[in-house]
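As structure tokens, the structure follows; a few thoughts come after it.
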Amino acid sequence: MGKKKSTALIVLITIVLVGLLFLSFTPTFPVKSPNSFRSLLSIVDLGRDLDGGYYTVYYPEGVISKAEFETLKAEYDYVASNTEEGQTPSVENPEENYTAYKGIYLSNDIYATDTGVTETFASQFDTALKAVQARYEGMGFSDYSVRVQDDYTIRVEIPKLDHDDYTAESLAQSIFSLFSYTGDILFTDASTRDGTSTVEMAGSSENLSRASIADAGDSGYAVVLHFTSAGREAFRELTSTLASASSDSSSSSSSSSTLYIYVGDDQVMGAGVSEEMNQSSVSVTGGYTREQAQAIASLINSAIAEDDVIGFDFESPEYYSMDALTGTNTALIAAICIGVLFVAMIVFSLVKFKGMGLAHTYGFVTFLVAVVACISLIPGIQLTLGGIAAILLASAMLVSCNYYAFNNIKKEFATGKTLTASVKSGYKKSLAFTIDAHAILVLASLAIWLIATGAAKFMALIFLLSIAISAVCTLLVTRFYLYMFMAQPKNKIAFVGFKREETEDE
């Protein structure tokens, strides 16, 4: 590589890396009101352990909280105290209808002190738990929790889904509410589940195979419904009837009829139908965000199978915010510690390996900005402590492989080879180890990502991305940077910190 070309590349690459560092790590600050600059690092979604989140508790029909019981009791006491002697209060006494059980109260219709809950309720609760778990699993959260609380309620915790607190709360509330819907799926033109309808189609596994989401461009995201062969024909007939009704209606100014999709008594989606649809899948748009569309698809997927339909209603859930599980400043402390660790590593590299350490520094910075870009721009990835550990492990692999190559170059130079020959030979001797180590880790992380769920799945994904970037930076990028820098100095041997007893012109 010529000196002029090397100089131009050094200047260009330095400007690009400085710009990428600025975009990746610079703290958020106002640029032009009301807009503000946000670094890539600031838009990384964090898990519950680093940034907190929201939680709710689902109370099945016949189960109430202690707070609700006390509210009912206070209402009864007030009414009873204002009821004339000999008359029956207009509200029921909750003490006669509910029995205390751990931190909740169970209706006497489903619970008896001597026999416990009824078999029907126990079976329905198990089905409900399975369905709720499937719904949140279908969201693809990297960090969430669905667990039984007080034996007969379900507590759910999810991370924040947006950096704006108002939007994050709104998303959490809508997901908690949507996943409380119970019952089967119905396609109908009735504006209420029990209203008068012209056409109906059951959304059972006989007609629906699954639901997914798709990017709808300016319309946000769409929910895609995939039909079975029987479902495709049934949906064709349904839309044909609606389209005919729309075209025959002279009293309506609308050119389409509305098809509603219900889960139980709750309306999930609605869409205009103006023509017959004879296709294996249809997309329903409604200006949904990715999370909203994914929640609807996950709800539908959990309600398709008749055996998984929840047999009772859930009380409308309330949501609450929760602090980071590891402390409110965990993310900041972790960022500072990692920053100090990386700076120390870079200083050590420059002191020990001189010019090779400079090439390593440029390669490591390239690795960092690439990893930050991946975890901030790929939808659905949330960073947890496990994800941080994965990035640190991949960083250690990159550093170790570069140091291994540099030491091999030094050994080759000590045998009397020229510096150029030593670099080629040193990298050649390091190639097998570097490729084998990265390949093993890539395959291991890929296997975990394919079989794991939740936090482990996304930790494996972050590690897979990071180790792949590490391989590229170790095998190609850092080596290119080394050749680029070596084209500059007159005394290349001194540039890389090597010494020989006899002066050689290299």
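The values are calculated or read from the model by the stated rules, or taken from the named source; none is laboratory data. As the structure is a prediction and not an experimental result, all values here were calculated from the model. Here the Cβ positions follow ideal geometry from the backbone for every residue, glycine too, while neighbour counts run over all protein chains shown. The accessibility values were calculated without ligands, DNA or RNA, using every heavy atom of the protein model including side chains. Shrake-Rupley method; radii C 1.70, N 1.55, O 1.52, S 1.80 Å.
List of remarks:
- Filtered residues of the stretch 158-176 (kept if charged (D, E, K, R) and open to solvent by 60 Å² or more (accessible area, probe 1.4 Å)): D164, D165, E169
- Residue selected from the stretch 190-214 under the condition assigned to a strand (DSSP E or B) and more than 20 Å from G286 (Cβ to Cβ), by the criterion most open to solvent (accessible area, probe 1.4 Å): E200
- Answer residue from the stretch 396-422, given it is among the hydroxyl-bearing types (S, T, Y) and surrounded by fewer than 22 Cβ atoms within 10 Å (Cβ to Cβ) and is nearest to G52 (Cα to Cα) among those: S400
- Residue match in the stretch 145-164 (condition: within 30 Å of S240 (Cα to Cα), modelled with pLDDT of 90 or more and hydroxyl-bearing (S, T, Y)): no
- Residue check for T127: in contact with a helix residue (DSSP H, G or I) (Cβ under 8 Å, 6 or more places away or on another chain) and β-branched (V, I, T): yes
- Residues in the stretch 35-74 that are assigned to a strand (DSSP E or B) and closer than 26 Å to S145 by Cβ: D45, L46, G53, Y54, Y55, T56, V57, Y58, P60, V63, I64, S65.
- In the stretch 111-134, the condition of being charged (D, E, K, R), part of a helix (DSSP H, G or I), closer than 19 Å to A305 by Cα and open to solvent by less than 30 Å² (accessible area, probe 1.4 Å) is met by no residue.
- T453 vs. criteria more than 30 Å from M486 (Cβ to Cβ), among the hydroxyl-bearing types (S, T, Y) and open to solvent by 30 Å² or more (accessible area, probe 1.4 Å): yes
- Every residue from the stretch 261-281 that is open to solvent by 40 Å² or more (accessible area, probe 1.4 Å), under 24 Å from E233 (Cβ atoms) and either touching a helix residue (DSSP H, G or I) at 6+ places or on another chain (Cβ under 7 Å) or assigned to a loop (DSSP other than H, G, I, E, B) (or both): S274, E275, E276, M277, N278, Q279, S280
- Residue check, L393 open to solvent by 10 Å² or more (accessible area, probe 1.4 Å) and either over 26 Å from G52 (Cβ atoms) or part of a helix (DSSP H, G or I) (or both): yes
- Once the stretch 178-197 is narrowed to residues that are more than 34 Å from the chain's Cα centre (by Cα) and of a type outside the set (G, A, S), the residue that is nearest to L129 (Cα to Cα) is D194.
- Residue match in the stretch 282-290 (condition: open to solvent by 70 Å² or more (accessible area, probe 1.4 Å), more than 29 Å from the chain's Cα centre (by Cα), farther than 30 Å from A67 by Cβ and not charged (D, E, K, R)): no
- Among the residues listed as T384, T434, T361, the single one being touching a helix residue (DSSP H, G or I) at 6+ places or on another chain (Cβ under 8 Å), open to solvent by less than 30 Å² (accessible area, probe 1.4 Å) and without any contact (Cβ under 8 Å) to a residue 40 or more places away in the chain: T361
- All of E206, E137, E169, E157 fail the test of being charged (D, E, K, R) and more than 27 Å from the chain's Cα centre (by Cα), apart from E206.
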